[in-house]
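Worksheet: the structure to be examined is printed underneath.
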Amino acid sequence: MKSVTLLSVLALAACVSGPEAAFKASPSQYGLYVASANLYVDVPLTVKRADSGALFQIAVKHVGGGDTGYLMASLPPGRYLLDSYSPTGGRAVALSTGNGYFDVQADCFNYGGRYDFTLDPAAASLYSNVSRIKDIEQLPEQYRRLAAGHDVCSAAMGQANDRIAYADIKDLLSL
């Protein structure tokens, strides 16, 4: 009996402490950032808050056995700069480029779109980013359902963050 209770508590703690937990608990203080990328291992992407220099880890998780990694983090509102990632789980690769920023708004599902990273440190650009709000429908269900009931913000790289009220988007997206 004790082991069943302990397992239940551990399962509940895991649900409460995921990357979306702070957003769910305090949406007025956090935005949820979600994107997809060609990251092949579940290693975090590091971003830096532009105003304070504070570093944040964005969790990467693979769902369904594919090569796509899904990024998710509860972040305080503000501008974030790409800092680094470890494409193979080893040495970190710096990601500083001129347009390597995105904005996060509080109480919003901030969709960053799709990143494609290159492993060539000599490449002109270490990543490309495509962001279309309609692509939220292509996210795995556990990510997509987090947008339900929330405004959706476009958090594309190097672009202003546009907020779309949930009332205006709910009939346009299958969440």
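The values are calculated or read from the model by the stated rules, or taken from the named source; none is laboratory data. Just so you know, these numbers come straight off a predicted model, no measurement behind them. We place every Cβ from the backbone using ideal geometry, glycine too, and count neighbours over all the protein chains shown.
What strands (runs of 3 or more DSSP E) lie completely within the stretch 59-167 and have 2 or more residues being farther than 19 Å from Asp42 by Cβ and in contact with an Asp or Glu (Cβ under 9 Å, 6 or more places away or on another chain)? Per the criteria, 78-85, 108-117, 127-130, 151-154, 162-164.
Being under 15 Å from Gln138 (Cα atoms) and of a type in the set (Val, Ile, Thr) holds for only one residue in Val47, Val43, Val60, Val34, and it is Val34. On inspection, Val104 passes the criterion of being under 14 Å from Leu32 (Cβ atoms) and among the β-branched types (Val, Ile, Thr). A search for C-beta distances below 9 Å between a residue of the stretch 17-34 that is polar (S, T, N, Q) and any residue that is assigned to a loop (DSSP other than H, G, I, E, B) and modelled with pLDDT of 95 or more, counting only pairs 6+ apart in sequence or on different chains, returns Ser26/Ala106; Ser28/Ala106; Ser28/Asp107; Gln29/Pro76; Gln29/Pro77; Gln29/Ala106; Gln29/Asp107. Each residue in the stretch 18-45 was checked for being assigned to a strand (DSSP E or B) and either of a type in the set (Ser, Thr, Tyr) or within 13 Å of Pro76 (Cβ to Cβ) (or both), and 4 of them qualify.
Of all residues in the stretch 106-161, those being aliphatic (A, V, I, L, M) and touching a Pro at 6+ places or on another chain (Cβ under 6 Å) number 2. Looking across the stretch 37-87 at every residue that is in contact with a Leu (Cβ under 7 Å, 6 or more places away or on another chain) and polar (S, T, N, Q), the one that is surrounded by the most Cβ atoms within 10 Å (Cβ to Cβ) is identified as Ser74. Go through the stretch 132-175 and give me each residue that's hydrophobic (A, V, I, L, M, F, W, C), in contact with a helix residue (DSSP H, G or I) (Cβ under 7 Å, 6 or more places away or on another chain) and either on the phi > 0 side of the Ramachandran plot or at pLDDT below 90 (or both). Once the filter is applied, which keeps residues that are hydrophobic (A, V, I, L, M, F, W, C), in contact with a helix residue (DSSP H, G or I) (Cβ under 7 Å, 6 or more places away or on another chain) and either on the phi > 0 side of the Ramachandran plot or at pLDDT below 90 (or both), the stretch 132-175 yields Leu173, Leu175.
Residues checked against (1) within 16 Å of the chain's Cα centre (by Cα); (2) among the charged types (D, E, K, R); (3) buried (at least 16 other Cβ atoms within 10 Å of the Cβ); (4) over 17 Å from Val34 (Cβ atoms):
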{"residue": "Tyr115", "(1), (2), (3), (4)": "yes, no, yes, no"}
{"residue": "Thr118", "(1), (2), (3), (4)": "no, no, no, yes"}
{"residue": "Arg132", "(1), (2), (3), (4)": "yes, yes, no, no"}
{"residue": "Pro140", "(1), (2), (3), (4)": "yes, no, no, no"}
